[in-house]
Amino acid sequence: MSDEDGPTDPSDRIVALDALRGFALLGILIINIRIFAMPEATLANPTAYGDFTGSNYWAWFVGHVLAEQKFITLFTILFGGGVVLFTRNAAQRGDPVTQLYTRRFGWLVAIGLAHAYLLWYGDILVAYGLCAFGVVLLRDLPARTLAVAGVGLVAIPSLTEIVSGLTMDPAAIATTWQPPESALRAEIETYRGGWVEQLGHRVPTSLERQSVGFLGYTAWRVAGAMLFGMALFKWGILTNERSSRLYRRLIAVGAVGGLAVILAGVWYIEANDWAPGAALFWRQFNYWGSFLLAGAYLGAVMLYCRWRPAGIETRALAAVGRTAFTNYLLQTVLATLIFYGHGLGLFGQLSRVELLGVVAAIWAIQIFLSVLWLRYFRFGPIEWLWRTLTYRSQQPLRRDGAG
């Protein structure tokens, strides 16, 4: 198969798009590390487990305000833009677009299922693959229509939770919000145990997230963010084609508006003393504020890439972005080896401040390996496998002249 009949050649990639993807992928770990290292309930209610005073409170606060939902939102938006880019390139080459995206998204779901049930219940790949099957059918709609539809889909779980908060007895979510000590201890012991013991929590949790959780929440937000990403791609915003003034405006409006909404949410939940009755309302502040702050991050990365297109930071982020699929799975492998019983077994033992140190160490490993790998190879190993399965033909992996 010639290059013209295969996936996008690395030399034709958009550096700013790759750098933004790498930035988002690294940022995701700031929050995911908490799910790798602590009982699941702490993601929604940080008071449920672990020290929540002093520096540990501030570690949570900074992570919540600047990272939680912001980077995964940005990553999802980029995935939506990638749907347009992939199908557009395939159509220009005269390839069978429907067959290609069916295989592409089908294999993404398959890899995601293996990731979720064998390694970590927090997988997002299954949701991406399933939602992509729907949003790809809308790829030819005008950008404005895609953006409006995206906002509409994102609003559905938000409205559902607000109605639930108004009508539901707080006692109904009290156990989920603050599990009993016995439940927390059982989860900790499970993940400090061996791989087989972990299945007792991972399998049912993955199943719940991919059924009830997907239909009630994840599908709407993910599909909506993807549609919004498709619109931003068509507008040239994701590809750094717009004016610097527009990106500066994104930074200003996104940062001021996003931080104001998110900080108001922190004030609200603390004013209610982290009560279960305020939980569903509290989620809405960060739910919407994350989109605004993600926009500010987008603008900042675009301007930085425009300022220093060949800078070491830009090249490092772009390398991580070009190998994002591999790096997403590598984060799971490294984190589970650190925290689960088949590795070091540190689940439930490290504070939030200490977890930030683990994040920094994993970042260093991923940046180094990504840059080194791409000196010799065209794609990350999982990217190469995904492309080979999609095109049903072994793709060239080594760079010309490498080794």
**Q.** Checklist (1) in contact (Cβ under 8 Å) with a residue 12 or more places away in the chain; (2) within 18 Å of Q331 (Cα to Cα) applied to A114, failing item
**A.** (1)
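Residue-wise test of (1) crowded, with 21+ Cβ neighbours inside 10 Å; (2) touching a residue at least 60 places away in the same chain (Cβ under 8 Å); (3) under 20 Å from the mean Cα position of the chain (by Cα); (4) part of a helix (DSSP H, G or I).
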residue: L17; (1), (2), (3), (4): yes, yes, yes, yes
residue: L20; (1), (2), (3), (4): yes, yes, yes, yes
residue: I31; (1), (2), (3), (4): no, no, yes, yes
residue: I35; (1), (2), (3), (4): no, yes, yes, yes
residue: D51; (1), (2), (3), (4): no, yes, no, no
Q) So which residues in the range 218-273 are surrounded by 14 or more Cβ atoms within 10 Å (Cβ to Cβ), assigned to a helix (DSSP H, G or I) and of a type in the set (S, T, Y), if there are any at all? A) T218, Y247, Y268
Q. Would you call F339 of a type outside the set (A, V, I, L, M) and out of contact with any helix residue (DSSP H, G or I) (no Cβ under 7 Å at 6 or more places or on another chain)?
A. no
Q. Do we find that A147 is modelled with pLDDT of 95 or more, of a type outside the set (K, R) and in a helix (DSSP H, G or I) in this structure?
A. yes
**Q.** Which numbered condition L184 misses (of (1) within 24 Å of T73 (Cα to Cα); (2) surrounded by 17 or more Cβ atoms within 10 Å (Cβ to Cβ); (3) among the hydrophobic types (A, V, I, L, M, F, W, C))
**A.** (1)
Q. Do you know which residues across the range 191-217 are surrounded by fewer than 19 Cβ atoms within 10 Å (Cβ to Cβ), among the polar types (S, T, N, Q) and part of a helix (DSSP H, G or I)?
A. T205
Q.
Looking at E197, E181, E241, E189, can you tell me which residue is acidic (D, E) and within 23 Å of V136 (Cβ to Cβ)?
A. E241
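The values are calculated or read from the model by the stated rules, or taken from the named source; none is laboratory data. Please read these numbers as outputs of a predicted model, since none were measured by experiment. Every residue, glycine as well, gets a Cβ built from its backbone with ideal geometry; the counts of neighbours run over all protein chains shown.
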